[in-house]
Amino acid sequence: MARRTRLTKRGWRWRRNPLRRRSDVVEAWLGVVTILLFCVAPLAGWWAGQSVDRTLQRVARTQRTERTLVPAAVVQSPAASDATAAPGAAKAAAAAAGADSDPRRGDVLRWIAPDHSLHTAKVPVGLEVWRGNEMLLWTDSTGVLVPPPLDNATATTHAVLAGLATGSAAGGVLLVSRQVLMWRLMRRRMDSWEREWARIGQDWGRAGAGG
């Protein structure tokens, strides 16, 4: 019986009664629409994530077909350039290089492109790829240096983040819109009460005036 009473109290806006106003009906429908749209928000996030994932996976496949790993060799290292610039300090440069003799610090590299053209240029360390003792570079078909192609794990991560962001944004916009509509609805309700009070307030408490 208590449960039925609670349901009756909560559903009073749906029943015809003298206390129900048009704003009450609008508020009830607004709650129903908000719940339905809030259930749809995760679907919007899932759809956005799938769309981004398909796009990024297509980009990754295209990049893998257009970019190639080619072997490269160090032509000039920083230690060698220092020794060339100051021949009298060759022993000092060699001693300094012995403490830090990592060949990966070489920045002038030479490589052969897939079209068999020879290239020599200063290469940032971030573009070097090492597999064991072999240095490789990502290039296009003409030998121009390019960043590594997008991998599947990174594409999937970006897609998941895009889906979460879309779903969260949709839910946030929905809640803010509901709050704005509720605020406007409450303003109209208060204006209606003020008009009714102005109409009957002067007779409030007088005998024979129904107060």
Quiz item: Which net charge results for the neighbourhood of HIS119, defined as the other residues with beta-carbon distances under 12 angstrom from its beta-carbon, given Lys and Arg at +1 and Asp and Glu at -1?
Solution: 0
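How much accessible area per residue does region 112-192 have, counting only protein heavy atoms and a probe of 1.4 Å, in square angstrom?
Per-residue value: 64 Å².
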Exercise. On the protein heavy atoms, probe 1.4 angstrom, tell me the percent of accessible surface of region 127-190 carried by carbon and sulfur.
Key: 66 percent
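The values are calculated or read from the model by the stated rules, or taken from the named source; none is laboratory data. Owing to the predicted nature of the structure, the values given are computational and were not obtained by experimental measurement. All Cβ positions, glycine included, derive from the backbone under ideal geometry; neighbour counts span all protein chains shown. For the accessible areas, the whole protein counts, side chains as well, though only heavy atoms, and no ligand, DNA or RNA atoms are used. Shrake-Rupley method; radii C 1.70, N 1.55, O 1.52, S 1.80 Å.
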